[in-house]
Amino acid sequence: MRNPFSLDLVLLHAPSVFDFRERAMLQGPVADVIPSTDEFEMYPVGLTSLAAYLERNSYNVRIVNLAYRMLSDAHFDPERYVTRLASRVFGIDLHWLAHANGALALAELIKRIHPDAQVLIGGRSSTYYHEELIRYPFVDLVLRGDSTEEPCRQLLHALRSGASLDTVENLTWKRGDGSVVVNPTSFVPDNLDYVDVPDYRYILQPRPARLPVA
Ligand code: B12
């Protein structure tokens, strides 16, 4: 059952390099036609369909564009912000490979601050490198594929009900003893009619003030 006072999942978008305001970074190639910066502060548009689908299925989800906040405010403190977030699962996109440094640094930070929460990575690049990523002690789960709405619902359901993660489609995870399990990539939908991509209604809806957000 949905608990209106707690978040089930916070989806965070990291800058390409964490923290680009303190570390020198190699400027990567940015496509001429793409309105982006070297920090790649645009999050994958699929986060909107993911959040909307999960909310329709009674989960509380929030998208936090940490990269944008860091870029637009030199005094924004990501560690302080993350400390004030409370959620069962923290999801980080490693979609564009350019985020390899930022996504992992953020995952490490979150695990240090919220050791009991689950750190989930998703997106195109993490789908390819799931076996490498799961070896990091601060990564608990990798959800593979470019249509993760339903597998993510299965994951949140299993975590809420205490069920085994064995049946969550497309999931790479670790058992209590640290052994890695790669569930089959069995969720490959024939069409995307069950989701709205992008789901701007999710972004534009008013946020209930009672959810624990900074
Ligand atoms: C549309 C598109 C864009 C749009 C993106 C709009 C947006 N905000 O998402 C634009 C034109 C802006 C763009 C920009 C770039 N793109 Co682009 N893009 C694509 C394209 C054609 C389709 C992606 C798409 O819309 N998928 C559908 C949506 C609904 O799904 P999604 O956003 O991927 O999200 C789903 C899953 O990935 C997953 N997921 C994603 N994040 C997370 C996080 C968690 C926790 C979980 C659980 C799941 C999850 O679940 C979501 C829902 O199902 C792909 C190629 C392709 N055919 O896939 C290239 C592609 C992804 N882009 C690519 C690149 C390189 C870039 C740029 C870095 C180019 C550049 N040098 O500037 C920039 C980065 C922009 C930035 N961050 O600032 C590469 C990525 C390669 C790589 N592994 O890094 C691809 C694969 C193209 C290619 N073959 O080279 N791109």
- Message: Could you list, ordered by first residue, the pairs with Cβ atoms under 7 Å in which the first is in region 20-45 and within 20 Å of residue 77 (Cα to Cα) and the second is near the ligand (Cβ under 7 Å from one of its atoms) and of a type in the set (Ser, Thr, Tyr), at least 6 apart or interchain?
- Response: 42/36
- Item | Members of region 70-80 found to be surrounded by fewer than 20 Cβ atoms within 10 Å (Cβ to Cβ) and within 15 Å of the ligand (Cβ to nearest atom), listed by number | 71, 72
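State all residues of region 81-119 that are assigned to a strand (DSSP E or B), near the ligand (Cβ under 10 Å from one of its atoms) and free of Cβ contacts under 8 Å to residues at least 60 places away in the same chain; if no residue qualifies, say none. Steps first, answer last, please.
As a first pass, look at region 81-119 and keep what is assigned to a strand (DSSP E or B): 87-93, 118-119.
Adding the requirement that they be near the ligand (Cβ under 10 Å from one of its atoms) leaves 89-93, 119.
The one that is assigned to a strand (DSSP E or B), near the ligand (Cβ under 10 Å from one of its atoms) and free of Cβ contacts under 8 Å to residues at least 60 places away in the same chain: 119.
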- Message: I'd like to check something: does region 125-137 contain any residue that is small (Gly, Ala, Ser) and under 18 Å from residue 181 (Cβ atoms)?
- Response: yes
- Sort through 76, 18 and tell me the only one that's assigned to a loop (DSSP other than H, G, I, E, B) and closer than 16 Å to residue 138 by Cβ. 18
- Message: Please count how many residues of region 144-165 are away from the ligand (no atom under 15 Å from the Cβ) and either among the aromatic types (Phe, Trp, Tyr) or surrounded by 15 or more Cβ atoms within 10 Å (Cβ to Cβ) (or both).
- Response: 1
- Could you grab me the full set of residues in region 44-57 that are in a loop (DSSP other than H, G, I, E, B) and either acidic (Asp, Glu) or open to solvent by 50 Å² or more (accessible area, probe 1.4 Å) (or both)? 45, 57
- Could you please give the count of residues in region 137-162 that are assigned to a loop (DSSP other than H, G, I, E, B) and either within 21 Å of residue 47 (Cα to Cα) or touching a helix residue (DSSP H, G or I) at 6+ places or on another chain (Cβ under 7 Å) (or both)? 8
- Task: State yes or no: is residue 185 outside any helix (DSSP H, G or I), modelled with pLDDT of 95 or more and either within 15 Å of the chain's Cα centre (by Cα) or not hydrophobic (A, V, I, L, M, F, W, C) (or both)?
- Result: yes
- Note on the structure: Checked region 5-24 for anything of a type in the set (A, V, I, L, M, F, W, C), more than 11 Å from the ligand (Cβ to nearest atom) and open to solvent by less than 40 Å² (accessible area, probe 1.4 Å); matches are 7, 17, 18, 20
- Query: For region 92-129, which residues satisfy the criterion of being polar (S, T, N, Q), modelled with pLDDT of 95 or more and farther than 16 Å from residue 10 by Cβ?
  - Reply: 125, 126, 127
- Task: Give region 9-54 a look and list any residue that's in contact with a strand residue (DSSP E or B) (Cβ under 9 Å, 6 or more places away or on another chain) and small (Gly, Ala, Ser), or say none.
- Result: 14, 46, 51, 52
- Selection status of residue 41, at pLDDT 95 or above and open to solvent by 30 Å² or more (accessible area, probe 1.4 Å): no
- Scan region 125-143 for residues that are within 9 Å of the ligand (Cβ to nearest atom) and either free of Cβ contacts under 8 Å to residues at least 24 places away in the same chain or over 12 Å from the mean Cα position of the chain (by Cα) (or both) and jot them down. 125, 127, 128
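Let's see how each residue does on (1) open to solvent by less than 50 Å² (accessible area, probe 1.4 Å); (2) of a type in the set (Gly, Ala, Ser):
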site: 97; (1), (2): no, no
site: 103; (1), (2): yes, yes
site: 106; (1), (2): yes, no
site: 117; (1), (2): yes, yes
site: 121; (1), (2): yes, no
site: 133; (1), (2): yes, no
site: 142; (1), (2): yes, no
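The values are calculated or read from the model by the stated rules, or taken from the named source; none is laboratory data. This is a predicted model, so every value here is computed, not measured. FYI the Cβ positions are ideal-geometry reconstructions off the backbone, even for glycines, and counts take in every protein chain you see. Accessible surface is based on the protein model in full, side chains and every heavy atom, while ligands, DNA and RNA are left aside. Shrake-Rupley method; radii C 1.70, N 1.55, O 1.52, S 1.80 Å.
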